[in-house]
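J.: Dropping the structure in here first, questions after.
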Amino acid sequence: MADFKAALPKPGSWSIGESQFDEGGKYLKLSIPLESVHELCGHLMAMADDVSKQKTIKVWNYNTQSAEEVTGIVFTSKGKDGQYGAFGQVNPQKIEVTAEPF
């Protein structure tokens, strides 16, 4: 991967663990270094502006208590299973923006 150019100056991390509340279930913890927050926001905005990154996704509508399809982006990150649950690094490849959005 010699051509990989990271979007963030310092990578973040994510993990999935057991919920700390009484309802049970899982939770997602996303940790982003302060010096990478603006770049992550810019990366997400670049994904939203790039039509090739837009996908039809399903989200849960709490008002209707059902899934609905919307247009969105899918942010993925590799991970592993460990002793305390799944975890991984947030280190997306930089998206080269060729024009300013309207």
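The values are calculated or read from the model by the stated rules, or taken from the named source; none is laboratory data. As the structure is a prediction and not an experimental result, all values here were calculated from the model. Neighbour counts are summed over all protein chains in view; Cβ atoms, including those assigned to glycine, are modelled from backbone coordinates with ideal geometry.
J.: Please work out which residue is surrounded by the most Cβ atoms within 10 Å (Cβ to Cβ), limiting yourself to the stretch 1-21 and to residues that are of a type outside the set (Ser, Thr, Tyr) and not in a loop (DSSP other than H, G, I, E, B).
T.: So the residue we want is Gly12.
Conditions tested, residue by residue: (1) modelled with pLDDT under 95; (2) touching a Pro at 6+ places or on another chain (Cβ under 8 Å); (3) not in a loop (DSSP other than H, G, I, E, B).
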| position | (1), (2), (3) |
| --- | --- |
| His38 | no, no, yes |
| Ile57 | no, no, yes |
| Glu69 | no, no, yes |
| Thr76 | yes, no, no |
| Gln89 | yes, yes, yes |
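J.: Among the residues that make up the stretch 83-95, is at least one of them basic (Lys, Arg), surrounded by 14 or more Cβ atoms within 10 Å (Cβ to Cβ) and in contact (Cβ under 8 Å) with a residue 40 or more places away in the chain?
T.: Scanning the stretch 83-95, I find at least one residue that is basic (Lys, Arg), surrounded by 14 or more Cβ atoms within 10 Å (Cβ to Cβ) and in contact (Cβ under 8 Å) with a residue 40 or more places away in the chain, so the answer is yes.
J.: Another one. List, please: which pairs have Cβ atoms under 9 Å, are six or more places apart or on different chains, and start with a residue in the stretch 1-26 that is closer than 30 Å to His38 by Cβ and modelled with pLDDT of 85 or more and end with one that is assigned to a strand (DSSP E or B) and basic (Lys, Arg)?
T.: Ser13/Lys29; Trp14/Lys29; Ser15/Lys29; Ile16/Lys26; Ile16/Lys29; Gly17/Lys26; Gly17/Lys29
J.: Of all residues in the stretch 40-57, which are among the small types (Gly, Ala, Ser) and either loosely packed, with under 15 Cβ neighbours inside 10 Å or within 12 Å of the chain's Cα centre (by Cα) (or both)?
T.: Hits for the stretch 40-57 are Ala48, Ser52.
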